[in-house]
Amino acid sequence: MAQVKIHTFDAVIVGAGGAGLMAALYASRSANVAVLSKLYPTRSHTGAAQGGIGAALANMEEDSWEWHSYDTVKGSDYLADQDAVDVLTKEAINTVVELEHMGLPFDRFPNGKISQRRFGGHMSKTTGRPVMRACHAADRTGHMILQTLYQQCIKNEVNFFDEFHVVDLIRVDDTVRGVVAIEIATGEFHIFHSKAVMFATGGWGRVWEVTSNAHSLTGDGPAIALRRGIPLQDMEFFQFHPTGIFKLGILITEGVRGEGGVLINGEGERFMGVRGYAPNVKDLASRDVVSRAIYLEIKAGRGINGQKYVHLDVTPETVNRYYEEDGEDRRIDRAYIEAKLPDIADFTRTYLGVDPVTEPMPVQPTAHYGMGGIPTDVHGRVLLDAQKNPLPGFYAAGEVACVSVHGANRLGTNSLTDLVVFGKLAGKDMANYCQTAELLPLPDGAADDVMAEFDRIRNSGGGVKTYEVRNKMQVSMTENVSVFRTEETMKQALEDLEALRDEYQKVEIQDKGKVFNSDILEAWELGCLLDTAEVTTVSGLARTESRGAHARDDYTERDDENWLMHTLYYKEGDGYRLDYKPVTLGRYEPKPRVY
Amino acid sequence: MQAQLRIRRYNPEKDTSGYWGEYTLNNINPNDSVLDLLHRVKWEIDGTLALRRSCAHGVCGSDAFRINGTNMLACKTLVSRLGAGETVKIQVEPILGLRVIKDLIVDMEPFMNHYKSVLPYFINDEAAPENGRERLQSQEDRARFDDTTKCILCAACTTSCPSFWANERYIGPAAIVNAHRFIFDSRDQAPEKRLAVVGDTFGVWRCRTNFNCTNACPREIEITKAIAEVKKVLATGEI
Ligand SMILES: Cc1cc2nc3c(=O)[nH]c(=O)nc-3n(C[C@H](O)[C@H](O)[C@H](O)COP(=O)(O)OP(=O)(O)OC[C@H]3O[C@@H](n4cnc5c(N)ncnc54)[C@H](O)[C@@H]3O)c2cc1C
Ligand code: SF4
Ligand code: FES
């Protein structure tokens, strides 16, 4: 075996998005930490987040963390763990303030406080209407969070290993000993030997064809964990955001509707209200509800010109007309849109030639966010089973983790909150762990398994191309496991995935070199995508109910009697095993969801 | 529609110098981005082609290349912007002034080091407000540096600047943009430290206001204006 370079740290954080950077800031205070990222940190997809970060600051109107908790639990279709949700919503307030103290340039209200806007599913108990809870910086809130955290990491001299692609976790029985990574610029394998490891690798939206997610979001973290015997939780719940740009999937933030934008079908109806999907809050219902409504409108032939999209209209003319109809005093104009939604305007002008100030935007649901992931507690500690036994020293935070605060459907703005709140708690806990934990020896040949897999890919000669397999997977998952699914479609997906697994073995790459060999890395990532697609489908097929983002045409009702529990998927040899763990309830008893 | 692509190629493990690779793609669409085309080359024709990319919609800053002679993000540049008719000719090469590692990939470290040299992080050691809440800032104060908060560190500006090409020690427009973001933030307390860096021999005075940077910026930041504002502070001592 070739030479493997070995580095030693107290802790290794994999991923430099919002979650990884927040954890790094905290963990680095007392521990010697390395942050590994396959992208330059500022290229992480947190930078794409647009609309806002949720916290009940009550800067413009009455609000409370309890209301935020209730909305989150209701949004989750009661699958979220309510104790964890309380931590999220309480800590949100301090943590958003802390971001401001780090210099984050939030927009401001005239009184100088952080500006907040409305978002789907966030409600005022007093008025019964949407509440202004989404703290934002124009429509580039994620960009500002990512930049601010990275800047603070520079200030605090955090150790970065940029463009290091992590490909394995070193686990020996119930301990972790580090990770194996490829230095992309040289193709060399490195071992990072450590007492603790955190995965903060983000999402896996590239499983689907139309997605808001970056090319890099290939589910590496969940796939590696799975291969090392760690279960994945609630993977059947994947959010389809209602408003992606038609065909491209680029996200149009819910903030557009928060600023008054409305959804219109081919018959010119504001269908969320008129067609009874959400008579009360209409366009600001939670995402699963709106995505299903769009899907059903299109299916009923009420897309625009019978096509597979509807319109999202934020032109001042339309918005003001509906404000007037709804008895609201607010009015908006061109300057307001340009100031509050500059990036959205730029996207639609660039990619569609559509000016949102004068024309509606064509939108369709887009694969967006994984509610499931690696199971953790509120301190980011990874849990191995239904009894919540931890794998000491292994942590996860951010989108890759399932705490679970999002349950079956995440509310908008709650992911950014999740990143910083649980990134912080996990970073702190990991640093504490490193104070007392010992550095356990590396096992012999710690990198051998994954190096063998890379040799296999490098030398495989079946003539199949990575993108062909990936496209087929994306098409099948979009057909069969998206906004709606049934037993039949999910079985079809599993059949397709099995065939694709065989094809995957025949993938033949062209680049046999070492320097920046993205050919081989893309092939390896495809293996991760196939794993996550499979877990999603198997978990979904087993769950014979509809809940949140998991909407089945053959089991249309939520079934609390049998299914108020989290799915755990374990890989076992070539097969799998499913287990279930109870949901932690609290103040809020499951009830039917009406918006 | 057909695209005739010329892509600058260089593989350090094989080639002694760079060369142009030529590729023809059929059935392209005016709405395809240059990144879509590069992906087609990489995925369908030559898997060895190396480029950075991630978000595919102009927000991560990975794919600034020199496209038909001008710096742009590949994912934000549609074919329709480069030509019409049956055949479009598109030339893609790495941004200039940074060492080429492989094909379209350059060494970003010198660029990042210039960025880091301006202390691109918030500095305010005063105690936070006693009520445990955010510092206040007026909308007017916030607006002063709004434009320069948009930077995604793509390097399109710095690598289009003749002053940077002439002397790589010039910190370049991107670093100045990021210094501006803090110098003009009413909450920040260390403008003089940054002004010392940008006012140095390799700072703003190297700027000859030729506007390449402003034209190159995919985030439409008015870079030359920001540089002028920093120069003015240096000249007058007033922020
Ligand atoms: C377009 C868009 C808009 C959004 N808007 C909002 C919003 O307004 N509000 C909200 O709350 N949420 C929003 N979200 C959701 C939210 O932005 C994401 O869930 C969140 O940013 C994920 O952050 P993260 O830190 O977990 O991962 P990411 O930011 O995706 O970072 C992942 C990191 O892991 C690294 N990585 C991955 N795999 C490997 C590997 N194998 N080896 C080494 N490194 C690896 C990457 O390099 C990267 O640094 C939005 C999402 C999208 C896509
Ligand atoms: S200022 Fe513009 S061109 Fe320069 S690095 Fe920033 S985003 Fe890129
Ligand atoms: S791929 Fe992100 S800016 Fe082009």
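The values are calculated or read from the model by the stated rules, or taken from the named source; none is laboratory data. Just so it is clear, the model here is predicted, and its values are computed rather than measured. Using ideal geometry, Cβ is built from the backbone for each residue, glycine included, and neighbour counts are taken over all protein chains shown.
At-a-glance table
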item: Complete set of residues in the range B:140-156 that are in a loop (DSSP other than H, G, I, E, B), within 14 Å of chain A (Cβ to nearest Cβ) and of a type outside the set (Lys, Arg); result: B:145, B:146, B:151, B:152, B:153, B:154, B:155
item: Among (1) part of a helix (DSSP H, G or I); (2) surrounded by 18 or more Cβ atoms within 10 Å (Cβ to Cβ), the one test that residue B:192 misses; result: (2)
item: Output for the range B:198-239, where each listed residue is of a type in the set (Val, Ile, Thr) and away from chain A (no Cβ under 14 Å); result: B:198, B:201, B:204, B:209, B:214, B:223, B:224, B:227, B:230, B:233, B:236, B:239
item: All positions within the range A:448-466 that are touching a residue at least 24 places away in the same chain (Cβ under 8 Å) and either assigned to a helix (DSSP H, G or I) or among the aromatic types (Phe, Trp, Tyr) (or both); result: A:448, A:449, A:450, A:451, A:453, A:454, A:457, A:458, A:466
item: Only one of B:92, B:106, B:88 that is within 24 Å of residue A:512 (Cα to Cα), more than 14 Å from chain A (Cβ to nearest Cβ), crowded, with 20+ Cβ neighbours inside 10 Å and not polar (S, T, N, Q); result: B:92
item: Looking only at the range B:7-66, and only at residues there that are facing chain A (nearest Cβ under 7 Å) and away from ligand 1 (no atom under 16 Å from the Cβ), the one that is nearest to residue A:468 (Cα to Cα); result: B:43
item: The range A:105-159, residues that are more than 11 Å from chain B (Cβ to nearest Cβ) and on the phi > 0 side of the Ramachandran plot; result: A:121, A:128
item: Residue in the range A:191-205 that is surrounded by 24 or more Cβ atoms within 10 Å (Cβ to Cβ), assigned to a helix (DSSP H, G or I), within 16 Å of ligand 3 (Cβ to nearest atom) and within 24 Å of the chain's Cα centre (by Cα) present; result: yes
item: Some residue of the range B:66-78 being in a helix (DSSP H, G or I), surrounded by fewer than 16 Cβ atoms within 10 Å (Cβ to Cβ) and either under 25 Å from the mean Cα position of the chain (by Cα) or assigned by TED's automatic domain parsing to the domain that holds residue B:156 (or both); result: no
item: Count of residues meeting criterion [in contact (Cβ under 8 Å) with a residue 40 or more places away in the chain, within 14 Å of another protein chain (Cβ to nearest Cβ) and part of a loop (DSSP other than H, G, I, E, B)] in the range A:33-62; result: 12
item: Filter result for residue A:352 (of a type outside the set (Ser, Thr, Tyr) and buried (at least 21 other Cβ atoms within 10 Å of the Cβ)); result: no
item: Of the criteria (1) away from ligand 3 (no atom under 16 Å from the Cβ); (2) in a helix (DSSP H, G or I), which one residue B:159 fails; result: (1)
item: Selected residue (criterion: surrounded by the fewest Cβ atoms within 10 Å (Cβ to Cβ)) from residues of the range A:81-104 that are out of contact with any Phe, Trp or Tyr (no Cβ under 8 Å at 6 or more places or on another chain) and among the charged types (D, E, K, R); result: A:83
item: Verdict on residue A:163 being in contact with a strand residue (DSSP E or B) (Cβ under 9 Å, 6 or more places away or on another chain) and within 16 Å of ligand 3 (Cβ to nearest atom); result: yes
item: Pairs, first under 18 Å from residue B:59 (Cα atoms) in the range A:209-221, second basic (Lys, Arg) and part of a strand (DSSP E or B), C-beta under 6 Å, six or more apart; result: none
item: Some residue of the range B:77-99 being in contact with a Phe, Trp or Tyr (Cβ under 9 Å, 6 or more places away or on another chain), within 16 Å of ligand 1 (Cβ to nearest atom) and of a type in the set (S, T, N, Q); result: no
item: Lone unmet requirement of (1) part of a loop (DSSP other than H, G, I, E, B); (2) within 18 Å of residue A:154 (Cα to Cα); (3) more than 8 Å from chain A (Cβ to nearest Cβ); (4) within 20 Å of the chain's Cα centre (by Cα) for residue B:125; result: (4)
item: Out of A:28, A:44, sole residue that is within 29 Å of residue B:152 (Cβ to Cβ), within 16 Å of ligand 3 (Cβ to nearest atom) and surrounded by 22 or more Cβ atoms within 10 Å (Cβ to Cβ); result: A:44
item: Filter result for residue A:53 (away from ligand 1 (no atom under 14 Å from the Cβ) and aliphatic (A, V, I, L, M)); result: no
item: Residue within the range A:131-145 that is at pLDDT 95 or above, more than 24 Å from residue A:428 (Cβ to Cβ), assigned to a strand (DSSP E or B) and within 15 Å of ligand 1 (Cβ to nearest atom) present; result: yes
item: All positions within the range B:4-52 that are farther than 19 Å from residue B:72 by Cβ, crowded, with 18+ Cβ neighbours inside 10 Å and of a type in the set (Gly, Ala, Ser); result: B:21, B:47
item: Whichever residue in the range A:490-517 is over 30 Å from the mean Cα position of the chain (by Cα) and within 14 Å of another protein chain (Cβ to nearest Cβ) and, among such residues, is surrounded by the most Cβ atoms within 10 Å (Cβ to Cβ); result: A:511
item: Members of the range A:355-383 that are crowded, with 23+ Cβ neighbours inside 10 Å and of a type in the set (Val, Ile, Thr); result: A:363, A:366, A:374, A:376, A:382
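So that you can scan it fast, the table gives a plain yes or no per residue for (1) at pLDDT 95 or above; (2) away from chain B (no Cβ under 13 Å); (3) not in a helix (DSSP H, G or I):
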| residue | (1), (2), (3) |
| --- | --- |
| A:339 | no, no, no |
| A:350 | yes, no, no |
| A:356 | yes, yes, yes |
| A:359 | yes, yes, yes |
| A:363 | yes, yes, yes |
| A:367 | yes, yes, yes |
| A:379 | yes, yes, yes |
| A:385 | yes, yes, yes |
| A:388 | yes, yes, yes |
